[in-house]
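Reviewing the structure listed below.
Here, each number is a calculation from the coordinates, and none is a lab measurement. All of these numbers come straight from a predicted model, not from anything done at the bench. Backbone-built Cβ (ideal geometry, glycine too); neighbour counts: all protein chains shown.
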Ligand SMILES: Nc1nc2c(ncn2[C@@H]2O[C@H](COP(=O)(O)OP(=O)(O)OP(=O)(O)O)[C@@H](O)[C@H]2O)c(=O)[nH]1
Ligand SMILES: [Mg+2]
């Protein structure tokens, strides 16, 4: 990649903007990262990117703005992502579109290409996964594909970066050429398209000049709802179009939109046949055997259980060990520093502030972050990259239907065990608003890794592994129950599962580690300083007695209703800020790491349940407001608080009956 | 007058003007379908919606290339069985999504996996693997191959 330099300032550069467009999971974000040196998150399942991202690179004297778009199958206006992508393309802002194509699924990928050609935009194709295709016996002749389509086609490897210099060179040299011509469709369809586009051209419908009349004609034939919305004057053509659509339907016996889809696919079939060879070698590869096993109707569930159980168990086991080692080491260190400070003749109050406030905070934060949060992300990154998540979604589809959702909802839910913020954003992989809103309300009730620290640091540590598992199970039951309620209560439709199954791949350790670090970074750079500052603050405020008053003010609730020790008010307050602070602040406030000295076993259970459910943290609330508006966020927070109180109270009563 | 229109149509579209005759044809077939026994037989596993779909097919489709007995909903195919798509019934949104993914009439599909308990189905279509819910699969009519 000799010619690249990322985002440096330079005068006299020519600026161009290129957009990365393609089906989901074809490597757009991987290519984007290669080009810009940024870190868009990447994962082996469709729908990883849900928002537009931008970055720049400088190449051969050009300053290139690269735009990463969510993956789409089509430019019909039936999903939000498609509308976003389409509006962006139509805005005329990109000079050129790099259409990324998965060589293993040429026909399906070219469907979008043809629609881009219909729009009359400048295009360059980037053919990814060429090696994989070759291994499967699919040989693509890049030159003849390029000839057939009339578009430059460049074979790339988004992962290794090979071919992307050529790709950028082609992009630059085509940034100002005339857009390619779309392939011709069947005779009748072409006749209707030209009839309508003639009518569009000869009358002023207020359509910008850069829009192709043919594209609008095709959209009108397809019955695209948004085109009419954007250009209301086109409704003059209503009658004409209705007649034409009736004629088409009469001749083909199919809805006009289906007719046009068929026309596109038959054009694609022609192109693919003359530019690629499929060697008849349908031997099942090893990865195909694995794929078959993963979705097996019985073994599939067994594997799912093993994968999830193994994941949680190893996080707890390994995390517990690491955290023990850290704690031991830090305790020794704190002791020694404390003694050393005292021998220097420093006042005990100051020493308390330093040792308890700062060192203690650092120690607790490190043992939490390193042991559990890092491990959670490691496990999630591995699952994401292998392509296992869509398989799990397939297996769990029937169960998710009981919640009014479908299998894909499993992905945000599992991500929720890492952090609620990305989980809330990834709810966008659901198709309808109803599903997204329900899912967002559920996802925040799943214990994120910071809340798992509470489950592990209290329940598991003092009451055993089984009790901790019990809390996780209870949480799942609560989520299912609330899901069913919301599904019943909310109007609106939900659609069934339609999801592409990506190929299973071995994960690349380097990529997984990098991604784990990118996700954990936040905890280290924001969470850790906050914990230290919070510890310091608590230590300082302890002297003034201000904290006692605040905690006391909460006591009618904490002690009165839930029967917990008054001190846990601290956890509740700081947990609203960040969940990983809850336990550390409690330890600092109560001046002990041994929670059994301040809570009875029953209190621990009630405390853990309440802390897991009670309210999203500030960062999650901000994400919720951005995606789902203030009203729904408020509802979610209120719902969580109510559910947490009810469940914790029920647990308190139940436990007092038993013990 | 009628023959002129027919002539014009066959000239324009290169086909017989079968729009009108189709209507008659469809009418008689529809009554055959509603008289029942055949339709019931074809949905042998007793799933009620099969019948609904097949009637729907007769009502909607103007190009009845296959007879009723030859067709099955996609959800009725066994694992490993292949079929050719004839028609999908559903809302605009669903149909459009299916078209985008290549599930259009005359396309060959193979059922790779059927989920447990009315779970989804994994299809092989245009050399991609696609999971679709059972509900959607029961709205797609195929001719088993
Ligand atoms: N082996 C190999 N894997 C690749 C290549 N390009 C991408 N991948 C992997 O394919 C998966 C999908 O890549 P992404 O870059 O997230 O795909 P995307 O197109 O951005 O997907 P969406 O955001 O869901 O639309 C990831 O697991 C990548 O690591 C490649 O050239 N070779
Ligand atoms: Mg992406």
Shielding by partners for A:461-473, please: the mean number of other protein chain Cβ atoms within 10 Å of each residue's Cβ.
0
Set of the stretch B:77-103 residues, backbone N closer than 13 Å to the point 7 Å along the Cα-Cβ line of residue B:110
B:79-83
By per-residue mean of other Cβ atoms within 10 Å, what is the highest-first order of A:205-213, A:150-158?
A:150-158, A:205-213
Length-normalised contact order of the stretch A:187-278, Cα under 8 Å, at least 6 apart, in percent, tallies to 26
Once Rh is set to the Kirkwood radius over Cα pairs, what Stokes-Einstein translational diffusion coefficient, in µm²/s, holds for the stretch A:536-658 at a temperature of 4 °C and a viscosity of 1.567 mPa s?
85
I'd like the mean, over residues of A:242-255, of how many other protein chain beta carbons sit within 10 Å of each residue's own Cβ.
4
Where does the stretch A:84-218 land on the Kirkwood hydrodynamic radius, alpha-carbon pairs, in angstrom?
16.3
What number results when the radius of gyration of the stretch A:14-173, computed over Cα atoms, is divided by 2.2 N^0.38 Å?
0.95
If I model a spin label at residue A:230 and residue A:209 as a point 7 Å from the Cα along the Cα→Cβ vector, what separation in nanometres do I get?
1.8
If you bin every alpha carbon distance in the stretch A:187-278 into 10 Å steps from zero, what whole percent lands in each bin?
15, 46, 26, 10, 2
Could the peptides B:120-128, A:231-239, A:498-506, A:322-330 be put in order, highest first, of the mean number of other beta-carbon atoms found within 10 Å of their residues?
B:120-128, A:498-506, A:322-330, A:231-239
Computed from the beta carbon distance with a Förster radius of 22 Å, FRET efficiency for residue A:506 and residue A:41 to the nearest 0.05 stands at 0.70
Average partner chain C-beta neighbours within 10 Å, per residue of A:509-516?
0
For chain A, convex hull volume per residue from C-alpha positions, Å³:
198
Sites residue A:239 and residue A:162, calculated FRET efficiency, Cβ-Cβ separation with R0 41 Å, nearest 0.05
0.15
Averaging sequence separations of C-alpha pairs under 8 Å and six or more residues apart, then dividing by the length of chain A, give the relative contact order as a whole percent.
11
Percent relative contact order of the stretch A:536-658, based on C-alpha pairs within less than 8 angstrom and at least six residues apart?
24
